[in-house]
Amino acid sequence: MCPVMPCLSIDARQADAIFASWLQRGDKPSAGQVRQAVAAAIGAFGYFGCAERVAQEFGDHPETAVTRMRWARAVARETFVDSAPEPGPQADAGVLLAARTRLPAGQASGSREAMA
């Protein structure tokens, strides 16, 4: 069985890297310092290593980890606002989605009972 690899957004990866970095909230880091710290954390730990450090900290010190993650997410939003892709027209705009009802167990979608 293959492990499930979560799909992290770029914002989440950046926030995790800030969280795992040497940056401190009281330092009020500049955008350049944040970018450097993110690059250093990702280079040292990798994306999943940063996420593992976040998880470890939430397990060991949940009360302080919440505050640090809020700060890391805010710093990531402020620092990387220019790197976000421009919103464009949605590819599926105007497409209607049809909900399909779940069939009872043992009933195939092509059976006569399903058609009735």
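A short reminder: the numbers here are calculations on the coordinates, not readings from a lab. Given the structure is predicted, the values throughout are model-derived calculations rather than measurements. Cβ atoms come from the backbone with ideal geometry, glycine included; neighbour counts cover every protein chain shown.
Quick rundown of the values:
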| item | result |
| --- | --- |
| Charge-dipole axis of the range 24-81 as Lys and Arg at +1 and Asp and Glu at -1 on Cβ define it, positive-most pick from Phe45, Ala55, Gly26 | Gly26 |
| Local electrostatic count at Ala51 - Lys and Arg +1, Asp and Glu -1, tallied over other residues with Cβ under 12 Å | -1 |
| Radius 13 Å from Cβ of Arg73, net charge of other residues (Lys, Arg +1; Asp, Glu -1) | +2 |
| If the convex hull is drawn through the Cα atoms of the range 22-72, its volume per residue in Å³ | 72 Å³ |
| Spacing of the two label points (7 Å from each Cα toward its C-beta) at Arg35 and Glu78, in nm | 1.6 nm |
| Highest-first arrangement of 14-26, 43-55, 59-71, where packing means the average Cβ count within 10 Å | 14-26, 43-55, 59-71 |
